[in-house]
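The values are calculated or read from the model by the stated rules, or taken from the named source; none is laboratory data. Fair warning: this is a prediction, and the values are worked out from it, not measured in the lab. Positions of Cβ are generated from backbone atoms using ideal geometry, with glycine treated the same way; all protein chains shown enter the neighbour counts. The accessibility values were calculated without ligands, DNA or RNA, using every heavy atom of the protein model including side chains. Shrake-Rupley method; radii C 1.70, N 1.55, O 1.52, S 1.80 Å.
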Amino acid sequence: MEKMNCAVLGATGVVGQNFLRLLQEHPYFELKSVCASDSRIGEKLGYVRELIPGGIPPVFAPLEFDPMRMDILKKKDIRVVFSALPADIAVNVEMEAAKRGMAVFSNAGAYRMDPQIPILIPEINADHLDLVKQQQKKYPGFIITNANCTTTGLALSLLPLAGFNIEELIVSSYQAISGSGYPGHSALDMLNNVIPYIKNEEPKMRQECLKIFGNIRENSIELKEWNVYAHCIRVPTEIGHLISVHVKLKESVEPQSVEALFRNFSAPAIVRDLPTAPSKPVLFTEDPLRPQPRLDLGAGTPERAKGMAVVVGRLNVENNIIRFVTLSNNLIRGAAGGSVLNAELAYREKRL
């Protein structure tokens, strides 16, 4: 299949730069346009401050920033848009792109809870891709979002348990400072400190999790009926969201069977062999000192899927209670990598 021209909106930030890295030599998509604030128009991408290891891929450095105008993107035959925009800007720009016939894969939260726009995690709810048909009754393009970076790690870690009757989740997240974007919190905020509140994170985890695991009913999503209680805490690590998870089931389970589910879980067939899909999206460890951001941020194989797997450890099962700790890379699986994987699924399913 031919490569499709794509654009990255918000290319100067941490998530935008991870989009650039993941799109380098991508087998499905060809980067033809980058956009950011108006002050960047005409500036070369290579002049942007590097915020991630390796920085801007040299092959993209000569690209000049385009105005964030859909007529210009259409002239470049842009068919796929990756959005790393803030939600207040994304709400207009992403919809305009969809109305002009482009497929938008968004890391922003502007449309996550729209009943006809999926929060897509392909290993969990690939069937939610069908909602694009409802959008295309109104405009020729569509929008697909990924989840909040914390919700993504939680949802993936729950996937091996999806066959159980879950009644309640109690979670506490310990979230890296990169989750607040660049420049984020000041050193004076975070040095020798922990902040016990992150605005809007706790309701996002509840609402998004219930939508991700919900079922399509009459052209929208019927939310899962779980009780979800969350505390979201900012900690002084650079990358990586660690989550303590307490799962209450409606029935008792054997510890050995739960451990076997985590150990043996592999990618479902619908995502197998997608370029950015990890062969095992959930990895299990017996080491009582793991997962740790210092050791596990690059989880996932093959090479293009590094950072796309979550790591689960500290497993404890008693009667109908399952407890564990999980770690996800909030910039890759929880942000740019999640959107790229969504686009790969749409490409292979011939939705683009």
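Restricting to segment 320-352, name every residue that is crowded, with 23+ Cβ neighbours inside 10 Å, part of a loop (DSSP other than H, G, I, E, B) and over 9 Å from the mean Cα position of the chain (by Cα).
Across segment 320-352, the qualifying residue is only Asn329.
Identify all residues within segment 136-173 that are closer than 18 Å to Ala87 by Cβ and part of a helix (DSSP H, G or I); write none if there are none.
Cys149, Thr150, Thr151, Thr152, listed by residue number.
Give me a count of the residues in segment 127-142 that are open to solvent by 10 Å² or more (accessible area, probe 1.4 Å), in contact (Cβ under 8 Å) with a residue 24 or more places away in the chain and over 11 Å from Arg351 (Cβ atoms).
We begin by selecting, within segment 127-142, every residue open to solvent by 10 Å² or more (accessible area, probe 1.4 Å); these are 127, 130, 133-134, 136-140.
Checking which are in contact (Cβ under 8 Å) with a residue 24 or more places away in the chain leaves us with 127, 130, 134, 139-140.
Now narrow it down to the ones that are over 11 Å from Arg351 (Cβ atoms): 127, 134, 139-140.
Residues meeting the conditions: 4.
Would you point out the residue of segment 203-241, among those that are among the acidic types (Asp, Glu) and outside any strand (DSSP E or B), that is least open to solvent (accessible area, probe 1.4 Å)?
Narrowing segment 203-241 to residues among the acidic types (Asp, Glu): 208, 218, 222, 225, 238.
Imposing the further condition that a residue be outside any strand (DSSP E or B) reduces the set to 208, 218, 225, 238.
Values: Glu208: 6, Glu218: 175, Glu225: 170, Glu238: 127 Å².
For segment 203-241, the residue satisfying everything is Glu208.
Within the set of pairs 6 or more residues apart or between chains, which connect a residue that is within 25 Å of Ala336 (Cβ to Cβ) and open to solvent by 20 Å² or more (accessible area, probe 1.4 Å) inside segment 303-317 to a residue that is modelled with pLDDT of 95 or more and β-branched (Val, Ile, Thr) with Cβ atoms less than 7 Å apart?
Between residues of segment 303-317 that are within 25 Å of Ala336 (Cβ to Cβ) and open to solvent by 20 Å² or more (accessible area, probe 1.4 Å) and residues that are modelled with pLDDT of 95 or more and β-branched (Val, Ile, Thr), the close pairs are Arg304/Thr276.
I need the full set of residues from segment 99-132 which are within 25 Å of Pro275 (Cα to Cα) and assigned to a helix (DSSP H, G or I), in order please.
Pro122, Glu123, Ile124, Asn125, Ala126, Asp127, His128, Leu129, Asp130, Leu131, Val132
What are the residues in segment 1-59 that are open to solvent by 20 Å² or more (accessible area, probe 1.4 Å), outside any loop (DSSP other than H, G, I, E, B) and not aliphatic (A, V, I, L, M), if any?
Hits for segment 1-59 are Asn5, Arg21, Glu30, Lys32, Asp38, Ser39, Arg40, Lys44, Gly46, Tyr47, Pro58.
Could you check segment 170-198 and list, in sequence order, the residues that are closer than 20 Å to Gln17 by Cα, touching a residue at least 60 places away in the same chain (Cβ under 8 Å) and open to solvent by 30 Å² or more (accessible area, probe 1.4 Å)?
Ile177, Gly179, Gly181, Tyr182
Six or more apart or on different chains, Cβ atoms under 8 Å: show the pairs whose first residue is in segment 93-108 and touching a residue at least 12 places away in the same chain (Cβ under 8 Å) and whose second is crowded, with 24+ Cβ neighbours inside 10 Å and of a type in the set (D, E, K, R).
Val104/Glu94; Ser106/Glu94; Ala108/Glu94
If a residue has to be open to solvent by 20 Å² or more (accessible area, probe 1.4 Å) and either more than 20 Å from the chain's Cα centre (by Cα) or under 15 Å from Gly337 (Cα atoms) (or both) to count, how many in segment 150-169 make the cut?
So the count comes out to 5.
In segment 71-90, what residues are closer than 16 Å to Asn148 by Cα and surrounded by fewer than 23 Cβ atoms within 10 Å (Cβ to Cβ)?
Answer for segment 71-90, where residues must be closer than 16 Å to Asn148 by Cα and surrounded by fewer than 23 Cβ atoms within 10 Å (Cβ to Cβ): Pro86, Ala87, Asp88.
Looking at segment 151-169 only, could you name the residues that are aliphatic (A, V, I, L, M) and in contact (Cβ under 8 Å) with a residue 60 or more places away in the chain?
Leu154, Leu156, Leu158, Leu159, Leu161, Ile166, Leu169
Any chance you could count how many residues in segment 250-270 are open to solvent by less than 60 Å² (accessible area, probe 1.4 Å), in a loop (DSSP other than H, G, I, E, B) and either touching a helix residue (DSSP H, G or I) at 6+ places or on another chain (Cβ under 9 Å) or within 19 Å of Arg314 (Cβ to Cβ) (or both)?
The total comes to 4.
Can you tell me which residue is nearest to Asn18 (Cα to Cα) among those in segment 61-98 that are assigned to a loop (DSSP other than H, G, I, E, B) and among the small types (Gly, Ala, Ser)?
By that ranking, first place goes to Ala84.
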